[in-house]
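The values are calculated or read from the model by the stated rules, or taken from the named source; none is laboratory data. It should be emphasised that the depicted structure is a prediction, and the values quoted were computed from it without experimental measurement. Backbone-built Cβ (ideal geometry, glycine too); neighbour counts: all protein chains shown. Just the protein is used for accessible areas: all its heavy atoms, side chains included, with ligands, DNA and RNA removed. Shrake-Rupley method; radii C 1.70, N 1.55, O 1.52, S 1.80 Å.
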Amino acid sequence: MIESKVTPAATRRRNPWAWIPTLYFAQGLPYVAVMTISVIMYKRLGISNTDIALYTGWLYLPWVIKPFWSPFVDIISTKRRWTITMQWLMAAAFAGIAFTLPTSFFFSLTLAVFWILAFTSATHDIAADGFYMLALTEHQQSLFVGIRSTFYRIATLAAQGPLVIVAGLLETSTGDIPLSWAIVFVILSALFLAFSLYHTWALPKVEHQSAEQARSRGEVWREFVNVFAEFFRKEQVGIAIVFMLLYRLPEAQLVKLINPFLLDPAEAGGLGLSTQQVGFVYGTIGIIGLTLGGIIGGIVAARRGLKFWLRPMAWSMSLTCLAFVYLSYAQNPSLNVINICVFVEQFGYGFGFTAYMLYLIYFSEGRHRTAHYSICTGFMALGMMLPGMAAGWIEETVGYQNFFLWTMICCVATIGVSHLIKVDPSFGKKAKKESQTKA
C-alpha cells in the first residue's frame, strides 16, 4: 500500500516515550473488554454458557475481516487522525454499554454496542500499528517493540484483573450487578476520553496528504487484489492456512469457558469463585503466567530457531489443558491450587503461542509483509471465532468434565499441524542476529 509522506522534523519533535506506552495500553483495553470482560459480565448477569460463547464468539469477526478495510485507512486521511477518532468512538461505545446495561433488553443492546466497539477497536489496531511504523525509524521500531508489547500486556492485566475486582467489590457493596458493571464501563469510557485528548497533543504529526497519494487512489483496488493474489500463491499456503486455523483449536474453546467454570457453583460443575477472586486468579496470576511464558518462549526460540522449538511448543500449548481437566475432577480445590493450575495453563499457552506468532511472521515475509501479516492475523481470529462459538453448547451438553476432556482430544490437531509445515532452520536465529545488528 502507498503510505502518506513522513515529515522527519515532525518525528523529532515528540519523544516516543510520550506516546508509545499510552497508545498500546489503549490498544489492549478494548480487545480484552470485548473478548473477556464481556464473558464474565454476561455470566454474572445470568446468561447461559451456550449464548455467551455463541454471541461473544461473533465479536471476533471484525478482527477476522479487518484486512479488507485496512487499505482505506491507508488512503483516506492520516493514521494519526484515524487513531484519535477511533479512541473518541470507543469512549462513546463504552458509555453506550454502561447506559444500556440497566435496561430489560440489555443482552441484545449491549451486544450491538460491543459489535461497534469491536469494529472500532480493529480499525484502531490498523491505524495505530501503521502510525508506529511511520513515526519511528527502523532503529526506533526495534528499540520500542518490547515496550509496546509490555504496555499491551499491562492493559490486559489491568482489564482482566483490577477492573473485574472493582466490579466484584461493587457487586458486594451495592447488591446491584448491572449497576456494578455499568460503573466499570463508565470508568473505561472516561479512560478513553482521556486517551483521545492526550493523544491529540502527544501523537506527532508525521503525515500529510500528497499529490502522489491522491493520483494513486485509482490504482489502489488493483494493488489490493495483487496483495491477496500473492498471498495465495505462496508456497505451502494451504497447509499454512490449516495451521493458522487449527493450532489454537483447544485454546479457542477453553478460553470461552474458563471464566464461566470459575464462576459457576459446585452443583453446576464449576468452582464457585466470586467475581473478585476470578479477577485475581485469571486476570492477575493468569496474565503473569502468560507473560512469563511468552518471554521465555521468545528467548529460547531466538537461540535455537523456530524449526527446533515448533513441536515442543505445540505440545506445551496442548498439555496445559490438563490443568483444567484436573480442576474439573478435583474435590473442592483450594484457591492456591486453582492459582497454580491457572498459572501453569497460561504459562504453557504463552510459551506455545510464541511458535504460532513466529510462524505468522515467517509466512508473511516478502514485499507485502505488512499486508500479508494482517491476512494471517485474520485467519488467526477466524480460528478462534468458529470453535469458540460452539464451546458453550458443547459444555452445556456434556458438562465441564467432559468438555475439558474434549479439549484434550482437540490437542491432536495442534500437534498434528505442527508436523505438517516446513520452516527454514535459520529462521528465528537469523531474526535475533538482525535485531542485534540494528540495535
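Here are a few things to note about the model shown:
- Spacing of the two label points (7 Å from each Cα toward its C-beta) at R369 and T174, in nm: 4.8
- Only DSSP H runs of four or more residues enter the estimate; each adds -39500 (n - 2.57), and after division by the residues of the chain the mean residue ellipticity at 222 nm equals -25500 deg cm²/dmol.
- Within the chain, the longest run free of exposed loop sites, counting chymotrypsin sites (Phe, Trp or Tyr not before Pro) that sit outside DSSP helix and strand states (H, G, I, E, B) and have at most 15 other Cβ atoms within 10 Å, spans 106-439.
- Springs between Cα atoms under 10 Å define the GNM used for the chain, and in it the highest mean-square fluctuation of E235, E207, E267 occurs at E267.
- Among the listed pairs K66/K256; K79/K205; K43/K256, a Cα-Cα separation exceeding 20 Å is found for K66/K256.
- Rounded D (µm²/s) - the chain, Kirkwood Rh over Cα pairs, Stokes-Einstein at 10 °C, 1.306 mPa s: 70
- For region 286-394, the solvent-accessible area with a 1.4 angstrom probe is 42 square angstrom per residue.
- Relative contact order (%) - criterion: Cα under 8 Å, at least six apart; region: the chain: 26
- Per residue value of the accessible surface for region 16-116 (all protein chains in place, 1.4 Å probe), Å²: 34
- Carbon-plus-sulfur accessible fraction, the chain (probe radius 1.4 Å, protein heavy atoms only): 66%.
- Per-bin percent of Cα-Cα distances, region 271-423 [10 Å]: 11, 32, 37, 16, 4, 0
- Taking the Kirkwood radius as Rh and the Cα radius of gyration as Rg, region 276-338 has a ratio of Rg/Rh equal to 1.08.
- Model label zone, L335; criterion: amide N under 17 Å from point 7 Å along Cα-to-beta-carbon; scope region 167-193: 167-173
- Fully extended contour minus Cα-Cα distance, from I409 to A190, at 0.36 nm per residue: 74.5 nm
- Within the shell of other residues whose beta carbon sits under 15 angstrom from the beta carbon of T291, the net charge comes to +1, with Lys and Arg scored +1 and Asp and Glu -1.
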